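Remarks on the structure that follows.
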Amino acid sequence: MPQWLCNQLTRAFQSKNRRQIRMLNDCWFFYRNKSDREFQEGRKQQKP
């Protein structure tokens, strides 16, 4: 998880800002899914 996202989540949890927590959670899942897809596509291209 990127450091900027960890910092934002920490602030959101400390301030109990549910809206921001949900938004950041969605950002994390979007980022993770995008990274996973790019990783899988890279592995497919490397196979002979």
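The values are calculated or read from the model by the stated rules, or taken from the named source; none is laboratory data. From a predicted model like this one, the values you see are computed outputs, not experimental measurements. For neighbour counting, all protein chains shown are included, and Cβ atoms are generated from backbone atoms with ideal geometry for every residue, glycine included.
Scan the stretch 2-17 residue by residue and report those that are surrounded by 10 or more Cβ atoms within 10 Å (Cβ to Cβ), of a type outside the set (Val, Ile, Thr) and part of a helix (DSSP H, G or I). Passing the criteria: Leu5, Cys6, Asn7, Gln8, Leu9, Arg11, Ala12, Phe13. Would you check if there is a residue in the stretch 2-15 being under 9 Å from the mean Cα position of the chain (by Cα) and either of a type in the set (Phe, Trp, Tyr) or at pLDDT 90 or above (or both)? Yes, the stretch 2-15 has at least one match.
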